Every structure is written in structure tokens, then in C-alpha cells.
């Protein structure tokens, strides 16, 4: 077998394997779908809001429920001291988040 | 068609022979190239799968959570607060929730304690997440005691361990009855941690939040869409952090690949001169080099991509685990559902295969249009 045919066959084999793996195995199987549905049901039932990825500090355990100023929450000017603080991003807030509420609150801003 | 194909096969044969002459250099390049594709593809597959899973399961979280703020800090919901909300149109259900954190000095880990109705968890019993059970060696019917923040010792019987499949959500969870929760944390009667509201119509959620803010100026409504957005940005951020860490390696590879692809060695230059002198056309020389670029970059892309898939979905992304884990003691074990974004794969292909193949062309074209004699003497 000439080298070019060998290399082309190898590349075609790799491309087929790539397409098969990414095409065929991607997406959820029946077991995966069952597991995801069970997890969603668990979230609904217990009213969970966050993933248990970082359990070391309350604002990394529940980033979606954390104070907006968590980096300084222990005392004024307290710098972040948990390592995952650098891995958990600040909450993304749309600009003028409170705009729809302007003028509607009973107390002055 | 046949002569064209035959010509291409000959060109590839020649290319391979030329690559084999600089075997060590080219094998090294292929390995580095594959490694870079592997790392980038792993990162992209991992964060995409995690992002998809988070947005799927957290879509079941409460539509609105209402926190009370005192001096800008999250505070307890006092008695009567729930009634102040009154009847807001669109709100199907509102319930006070009780949850908090407990630091366990035995394993130096934080647990999330959450109260459930007595119909689900009986007094004196708890249900625990499987990571916690693993760490403390717990099984159903075992007894465990926790020292409360007031210094009293409380004993609980483990009624059940939550499914290991839900570890991503419940690794550190301890579910106990409401009265146990109040006694353990000495929570004042009638107070709650926050309020969960369910809104039937998703279109009305923002209006409900605005009404809540108007009725209770000291409250902070957190919408489900904000929870989902938090996780989207969290994974984007993490992907960015890892990319920043890898930036040095990626740049080093880019320089290596550029150097290899765009700079011709004296030997290669002489080879082109000889080819031209024996009658090869400029087009043939360029075609040969395009094949060289394609063979190297395609092999690296396909090998790196397949390896990344196996790494992320079969070996739990072992390379990224330390970056993910932080210093948490309780870390969930989970397998991700393979979720592949076609656009991500296409982007990776475009940024790895195309630049290398293109970078090969310019110097070759420059050398190929020069007089063979001058090229050989240079």
C-alpha cells in the first residue's frame, strides 16, 4: 500500500470516528434523560437554587443568592479570602436593573 | 478525474517522504498541536456540558425568591412579612423557607441545612446528600450528632441518603424537620430565611417582582432568570480563567507553529529550488505544501478532539478537576451528559486547522516564484 493511500485511509478513519463519537454519543441517552429529569424534580421539590460545586463559603455555595457585595461582606474592606472567589464570577447584572422600579417604591432611593 | 487524483496521491507521497526526512521535528509539532487542540476542546466541551446541565436542572428552581435586607445584608423574614405581600395577582403560592449553613469541624466542611415539612422528614431524623454521607461514613439508620452554634449536642438518625445521581445539587444537603431546624439553630418562632414564590405565567414574573419591591422596599427579589444567568456567567468566567492560565502555552504553540509554517529552513528552500529546477510548477509546489499543512493540522484536530471527548465524558475531565474543586472538602462526583455544540467544534476547527494551513502558503509561494538557481544558492 502506498503511503498516501495509508495516510488518507487513516485520516478518513479518524474523521469517521470523530463524526461518530460527536454525532452518535452526544445528547442524552434514556438513562441520562431520566437522571436529568429526576434532578430537575429534586430542584423543584426542595426549591434548590444552586449547584453544590463550591461549598466553602456561603456566597460560593449559593452564588445566585449571595449579597451583591460579597467580596467585602465580612467587614468593610475585607478582601476576598476564599480561593474559589476567583473562580466564581460576580453576578452579571443588566444595566439599569432597577429602572422599571424607579418612582414606584414608597421610600426614596 | 483519474489523472488529477493520481497527481494528488503522488504529491501526498512526496509530502510524506519530505515530512519523514524531518521526522523528530514533525512528530514533535504534531504532538504539541494535538495537545493544544485537546486542551481547548476539553475546556469547551466541559464548560458547555456543565452549562447545559445547570440551565436544565435549575429551570425548576422557584420563580421568585424574596430576601429581606437590613443595612444591605440578607436578614431573617420577620413574622407578618408574608401577610404584607398580600394577594399579588399571578402569584400561585408563597411559602417561607428555612435554610442555613453549618460548619462541621470533624471534616472541616460546610453543610447546607434545609427544613422540610414533618410529612417528609420526621423529627429526630435527617436526609443527607451522598457526598456528605461518603465523607462522614453514613448509611441509612446510622446516628450522627452535630454540635449546634449554641453549644448543645443534637443527635439525628439518618432516614435516607439522597441519590448519588443528584450529587451536583445535593452533595452537602442536610434535610431535617422544621421543628428540629428551629431548635438546632435557635431560630425565632415565626421567622423564615427567605420566601419562595411561584408565578404561573413567566411573562408576569418581572411585574410581580416590581410589585414586591414596591410593597416591601426592604426586600430583594431574585428571579429564576437571574439564577440561570448567574450560572451562565459563572461558567463563562471559569472558561476565561482557564484560558488565561493556558494563554502562555497557547501563545508558545502559536509561535512554534507560525515559525514552522511560515519560516522555511535552508533545507526546505533548497528542496523547492531543486523541484523547480527539475520542472515542477509553482502550483505543484504550493499544492504539496497545502497537503503537508492539511495532513498535520487535520490529524492533530481529529486526534485532539477525540481525546478531549473521552477525557471529559469518560474520565470526568481529570485535568480540570483541580481548577474546579477549589478548597472545598465536600465535592460532588458527577458525570456530565455529553452535550456538544456544533458551533463550538466549527470554531475550534476554524481556529486550529485553517490558520496553520494558510500560514504554510505565503513563504512557499514566495520561494516558489523565485528563480530556482537563486533559491538553491540562498
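Determine which member of the set A:14, A:10 is at pLDDT 90 or above, in a helix (DSSP H, G or I), more than 7 Å from chain B (Cβ to nearest Cβ) and under 17 Å from residue B:295 (Cβ atoms).
Result of the check over A:14, A:10: A:10.
Quick check, is residue B:128 modelled with pLDDT of 85 or more and crowded, with 16+ Cβ neighbours inside 10 Å?
Judged against the criteria, residue B:128 is a match.
Return the only residue of B:43, B:30 being at pLDDT below 90, assigned to a helix (DSSP H, G or I) and closer than 22 Å to residue B:297 by Cα.
On inspection, the qualifying residue turns out to be B:43.
Mind listing whichever residues of the stretch B:335-349 are surrounded by 15 or more Cβ atoms within 10 Å (Cβ to Cβ) and more than 13 Å from residue B:46 (Cα to Cα)?
Once the filter is applied, which keeps residues that are surrounded by 15 or more Cβ atoms within 10 Å (Cβ to Cβ) and more than 13 Å from residue B:46 (Cα to Cα), the stretch B:335-349 yields B:348, B:349.
Scan the stretch B:105-164 for residues that are outside any loop (DSSP other than H, G, I, E, B), more than 21 Å from residue A:41 (Cβ to Cβ) and touching a helix residue (DSSP H, G or I) at 6+ places or on another chain (Cβ under 9 Å) and jot them down.
Once the filter is applied, which keeps residues that are outside any loop (DSSP other than H, G, I, E, B), more than 21 Å from residue A:41 (Cβ to Cβ) and touching a helix residue (DSSP H, G or I) at 6+ places or on another chain (Cβ under 9 Å), the stretch B:105-164 yields B:109, B:110, B:111, B:113, B:125, B:134, B:144, B:146, B:154, B:156, B:158.
Can you pull out every residue in the stretch A:22-52 that is surrounded by 14 or more Cβ atoms within 10 Å (Cβ to Cβ) and more than 7 Å from chain B (Cβ to nearest Cβ)?
A:37, A:50 - these are the residues of the stretch A:22-52 that are surrounded by 14 or more Cβ atoms within 10 Å (Cβ to Cβ) and more than 7 Å from chain B (Cβ to nearest Cβ).
Taking helices (runs of 4 or more DSSP H) that fall entirely within the stretch B:188-292, which contain at least 2 residues that are more than 28 Å from the chain's Cα centre (by Cα), surrounded by 15 or more Cβ atoms within 10 Å (Cβ to Cβ) and within 14 Å of chain A (Cβ to nearest Cβ)?
By residue number, B:205-215.
Hey, does the stretch B:64-86 have a residue that's surrounded by fewer than 16 Cβ atoms within 10 Å (Cβ to Cβ), in a helix (DSSP H, G or I) and within 11 Å of another protein chain (Cβ to nearest Cβ)?
No: zero hits.
So which residues in the stretch B:46-74 are modelled with pLDDT under 90 and touching a strand residue (DSSP E or B) at 6+ places or on another chain (Cβ under 8 Å)?
Across the stretch B:46-74, the qualifying residues are B:69, B:74.
The values are calculated or read from the model by the stated rules, or taken from the named source; none is laboratory data. None of these values were measured; they are calculated from a predicted model. Positions of Cβ are backbone-derived with ideal geometry, glycine not excepted, and every protein chain shown enters the neighbour counts.
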